[in-house]
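The values are calculated or read from the model by the stated rules, or taken from the named source; none is laboratory data. Quick caveat, the model's predicted, so the values are computed rather than measured. Here the Cβ positions follow ideal geometry from the backbone for every residue, glycine too, while neighbour counts run over all protein chains shown.
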Amino acid sequence: MAAVEKAVEKKESSPKAAAAVPPLDEETTKSRLYLRCALPLAKVVREDNAAFYDKLLFMFKGVVQLGVKGDDSLYTQFIFNNGEMGIAFGRNPDAALTLEFPTKAAFNGFMAGKMGPQYLFVPKPFYRLDALIRVLPMLLALKILDPNNIPTDPKKQAVKVKLTLYMITSALSQLNRCRNPKMVDWTKNQPDRIYQWTVQEGGPAAYLRIKAGKTKSGRGVYKRKSPFVHMLFPDIKSAFMVLTNQAPLVEAVAKGFVVTEGAMEYSKDIGGFMQTIEAMLK
């Protein structure tokens, strides 16, 4: 299971392939961002709340997947094996439970928090709703990523910061893999560079690696080379203010909420792509 997940995470985009294949349309790109960047964070939720999920997932074995009908590539699998959890992409015909949406628009609307019968999934088979109960708390926990969700509890702010950093770096890489023209053009001629985000004082960290048009995201501090651009937040509160757009960039810099080291013009480019992703997923 771990090997499958690791293999999926190591897939990189190819600039040659990007040149030969047209970019994905916006609706498909949205679905890929949700399925491959947001939903996999359910595993982080499970790991951070081990005591609760150890009991909930005890002796549970099987695959629960979410996806869009008619496109086998637009599925994310939660793989459970007696408490352990893995992530894989693509449709699994032998899944214990499939939560299937009729269209990409329906799935994207559901993930964006829209209400209405047109945004609901169809569980297949209906009698395996016991499996849904196992994963529902994790899915609900991901609602903290909603831009309108601004928690006041410091613990929840820390959770939002960590999940947001993981989401941002993964989404930037996925935007390139979806062959977004501006992102492809920006990455294609860059040598091996690391864009690092770090919350100091024991906070989370994440990075984006770019090399000749290929991108890969990761969690933690990249240790093999120094970052080309490093965005440092002194503490969770500062990161929370910046990542939730409560402090405009100029104000955030003036107040010391964020310090950027390295090539400033490239940090502005990264900020622009982050805004693109945020606007796309609202």
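Residue by residue, here is whether (1) at pLDDT below 95; (2) hydrophobic (A, V, I, L, M, F, W, C); (3) part of a loop (DSSP other than H, G, I, E, B); (4) on the phi > 0 side of the Ramachandran plot holds:
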residue: Glu12; (1), (2), (3), (4): yes, no, yes, no
residue: Ser31; (1), (2), (3), (4): no, no, no, no
residue: Cys37; (1), (2), (3), (4): no, yes, no, no
residue: Leu41; (1), (2), (3), (4): no, yes, no, no
residue: Arg46; (1), (2), (3), (4): no, no, no, no
residue: Asn92; (1), (2), (3), (4): no, no, yes, no
residue: Ala95; (1), (2), (3), (4): no, yes, yes, no
residue: Thr98; (1), (2), (3), (4): no, no, no, no
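Evaluate the following for Thr152: is it hydroxyl-bearing (Ser, Thr, Tyr), more than 14 Å from the chain's Cα centre (by Cα) and under 17 Å from Ile236 (Cα atoms)? The answer is yes for Thr152.
Of the candidates Val122, Val161, Val135, the single residue that is at pLDDT 95 or above and over 12 Å from the mean Cα position of the chain (by Cα) is Val161. Evaluate region 49-62: report whether one residue or more is farther than 17 Å from Ala105 by Cβ, touching a Leu at 6+ places or on another chain (Cβ under 7 Å) and surrounded by fewer than 20 Cβ atoms within 10 Å (Cβ to Cβ). Looking through region 49-62, none of the residues is farther than 17 Å from Ala105 by Cβ, touching a Leu at 6+ places or on another chain (Cβ under 7 Å) and surrounded by fewer than 20 Cβ atoms within 10 Å (Cβ to Cβ). The residues of region 144-164 that are surrounded by 17 or more Cβ atoms within 10 Å (Cβ to Cβ), in contact with a Gly (Cβ under 9 Å, 6 or more places away or on another chain) and closer than 24 Å to Ala279 by Cβ, listed by number, are Val161, Lys162.
For Gln196, the test of being of a type outside the set (Val, Ile, Thr) and either under 14 Å from Ile270 (Cβ atoms) or buried (at least 20 other Cβ atoms within 10 Å of the Cβ) (or both) is passed.
Based on what the data block shows, is Leu66 crowded, with 20+ Cβ neighbours inside 10 Å, closer than 26 Å to Val161 by Cβ, out of contact with any strand residue (DSSP E or B) (no Cβ under 9 Å at 6 or more places or on another chain) and at pLDDT 95 or above? No; evaluated as a whole, the condition is false for this residue. Selection over region 110-155 of residues that are of a type in the set (Ser, Thr, Tyr) and not in a helix (DSSP H, G or I) gives a count of 1. Which members of region 17-48 meet the condition of being in contact with a Phe, Trp or Tyr (Cβ under 9 Å, 6 or more places away or on another chain), of a type in the set (Lys, Arg) and closer than 21 Å to Ala105 by Cα? Lys30, Arg36, listed by residue number.
Cβ separations smaller than 9 Å between residues 6+ apart or across chains give the following pairs from region 234-258 residues that are within 13 Å of Thr198 (Cβ to Cβ) to residues that are among the acidic types (Asp, Glu): Pro234/Glu201; Asp235/Glu201; Ile236/Glu201. Of the listed requirements (1) surrounded by 14 or more Cβ atoms within 10 Å (Cβ to Cβ); (2) assigned by TED's automatic domain parsing to the domain that holds Asp94; (3) at pLDDT below 95, Ala141 misses just one: (3).
Only residues in region 213-232 that are assigned by TED's automatic domain parsing to the domain that holds Glu261 and crowded, with 17+ Cβ neighbours inside 10 Å count as the first member; pair them with residues that are at pLDDT below 95 and among the small types (Gly, Ala, Ser), Cβ under 6 angstrom, at least 6 apart or cross-chain, and list the lot. Sorted first by the residue in region 213-232, then by its partner, the pairs are Lys214/Ser13; Thr215/Ser13; Phe228/Gly262; Val229/Gly262; Val229/Ala263; Val229/Ser267; His230/Gly262.
Selection of region 226-240 for residues being in a loop (DSSP other than H, G, I, E, B) and under 20 Å from Glu265 (Cβ atoms) yields Ser226, Pro227, Phe228. When the residues of region 255-280 are filtered to those that are assigned to a helix (DSSP H, G or I) and among the polar types (S, T, N, Q), which remaining residue is nearest to Val161 (Cα to Cα)? Checking each candidate, the answer is Gln275.
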